[in-house]
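Just dropping this structure here.
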Amino acid sequence: MIYTLTLNPALDYVIDVPDLQIGKLNRIQSEHILYGGKGINVSVMLKELGLESICLGFIAGFTGKEFQKGIRDHLQIKEKFIELKQGRTRINLKLLGKEETEINGIGPIIHTKDFKQLQQQLCGLENKDILILSGSIPSSLSSDAYAKLLASIKEKDICIVVDASGDALLQTLPYRPYLIKPNLNELEELFHQSLQSEQEIIACAKLLQKQGAKNILVSLGKDGAILLNEHHRFFTQKANKGIVKNSAGAGDSMVAGFIAGVCSGMKDEDRLALAVAAGSATAFAYGIAAIKEVEKQRKQLPSC
Ligand SMILES: Nc1ncnc2c1ncn2[C@@H]1O[C@H](COP(=O)(O)OP(=O)(O)OP(=O)(O)O)[C@@H](O)[C@H]1O
Ligand SMILES: [Mg+2]
């Protein structure tokens, strides 16, 4: 089974206020509620690609109940969220207008006993399961929270994927994640330098490999991605050109694409191609792209 973890999910309240006037009464032109979180995005794309997954994470309060219902009934994805006794799942406001404004909620406090419950839940994973850890760590947990979770399952043969930045990512490397997916910015921040050439990017990826990561997928936004595989070979894949509607979730879709490639036994270059196609399809769509769009992108991919 594939599990995705979202420590701090959110109901995204997306409203369109074309002529926003601060300090005045404004009327909304359209509104949507979306089920936000990087792990959730990965699960949505996996479903598009024909793979079942289970969403894990913490929810709380009435917004948490609505979130859970949305994942189950609306997205039709399985979940095993842990319900916190206090606080509420955050609501993130995304205000569309002449300019996009985002106001993110705080989210509930995750106490030590709640975190232990998550560790116990992960102990129930079985050999060959896939665990995808995506996104930042909430402020009520320490930056080594992902590392602690991986420590609790280190005896098992779980395929671990980490899509995180900074210390949260670095501290997971001793647990030998099968895949990490930094974007170029995140890679530059890790090494405190700007990376101009493919060689420089690969050199940094090799250093992360030395620290324990098996496969390193560096996403380069509109320029596609570079994969350094566990046999120290690298592959590059350019992305198609297109009109970006909303690039949020492109990285999550890319992770799902790569894992779908792994699950169907594809060669590294084909996994990379599917990953880039899934990322671009989402960048060119509102929300996470549908499978038809991913297939269209894959067929049109430029050769490198
Ligand atoms: N403007 C774009 N044009 C074409 N493809 C894109 C574009 N932006 C992203 N993609 C595709 O999506 C992949 C992941 O994008 P990106 O590098 O922006 O990830 P990210 O920064 O981790 O995204 P996220 O916001 O989801 O965390 C890219 O490798 C590429 O395949
Ligand atoms: Mg990302």
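Okay, residues lined up against (1) modelled with pLDDT of 95 or more; (2) farther than 24 Å from residue 39 by Cβ; (3) among the acidic types (Asp, Glu):
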| residue | (1), (2), (3) |
| --- | --- |
| 188 | yes, yes, yes |
| 191 | yes, yes, no |
| 215 | yes, no, no |
| 241 | yes, yes, no |
| 260 | yes, no, no |
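Would you confirm whether any residue within region 267-284 is more than 9 Å from ligand 1 (Cβ to nearest atom), small (Gly, Ala, Ser) and within 22 Å of residue 12 (Cβ to Cβ)?
Within region 267-284 (the criterion being more than 9 Å from ligand 1 (Cβ to nearest atom), small (Gly, Ala, Ser) and within 22 Å of residue 12 (Cβ to Cβ)), the answer is no, since none of the residues qualifies.
Right, next: When region 100-137 is examined, which residues are found to be of a type outside the set (A, V, I, L, M, F, W, C), touching a Gly at 6+ places or on another chain (Cβ under 9 Å) and modelled with pLDDT of 95 or more?
Scanning region 100-137 gives 108, 134.
Among what's in region 163-190 and is among the small types (Gly, Ala, Ser) and open to solvent by 10 Å² or more (accessible area, probe 1.4 Å), pick the residue that is nearest to ligand 2 (Cβ to nearest atom).
Checked region 163-190; the qualifying residue nearest to ligand 2 (Cβ to nearest atom) is 165.
Look through region 227-268, keep the residues that are within 16 Å of ligand 2 (Cβ to nearest atom) and hydroxyl-bearing (Ser, Thr, Tyr), and return whichever of them is surrounded by the fewest Cβ atoms within 10 Å (Cβ to Cβ).
247
When region 152-185 is examined, which residues are found to be touching a residue at least 24 places away in the same chain (Cβ under 8 Å), part of a helix (DSSP H, G or I) and touching an Asp or Glu at 6+ places or on another chain (Cβ under 9 Å)?
166, 167, 168, 184
Return the total of residues in region 76-108 being farther than 29 Å from residue 18 by Cβ, out of contact with any Pro (no Cβ under 7 Å at 6 or more places or on another chain), open to solvent by less than 100 Å² (accessible area, probe 1.4 Å) and not charged (D, E, K, R).
Summing the residues that are farther than 29 Å from residue 18 by Cβ, out of contact with any Pro (no Cβ under 7 Å at 6 or more places or on another chain), open to solvent by less than 100 Å² (accessible area, probe 1.4 Å) and not charged (D, E, K, R) in region 76-108 gives 4.
Can you work out which of the residues in region 229-252 that are near ligand 1 (Cβ under 7 Å from one of its atoms) and either touching a Cys at 6+ places or on another chain (Cβ under 6 Å) or part of a helix (DSSP H, G or I) (or both) is farthest from residue 207 (Cα to Cα)?
250
So that you can scan it fast, the table gives a plain yes or no per residue for (1) surrounded by 23 or more Cβ atoms within 10 Å (Cβ to Cβ); (2) in a loop (DSSP other than H, G, I, E, B); (3) modelled with pLDDT under 95:
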site	(1), (2), (3)
14	no, no, yes
20	no, yes, yes
39	yes, no, no
46	yes, no, no
50	no, yes, no
55	yes, no, no
63	no, no, no
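Collect the residues in region 216-261 that are touching a Phe, Trp or Tyr at 6+ places or on another chain (Cβ under 7 Å) and small (Gly, Ala, Ser), keeping them in residue-number order.
Within region 216-261, 242 is the sole residue that qualifies.
The values are calculated or read from the model by the stated rules, or taken from the named source; none is laboratory data. Please read these numbers as outputs of a predicted model, since none were measured by experiment. FYI the Cβ positions are ideal-geometry reconstructions off the backbone, even for glycines, and counts take in every protein chain you see. These area figures cover heavy atoms from the full protein model, side chains too; ligands, DNA and RNA do not enter into them. Shrake-Rupley method; radii C 1.70, N 1.55, O 1.52, S 1.80 Å.
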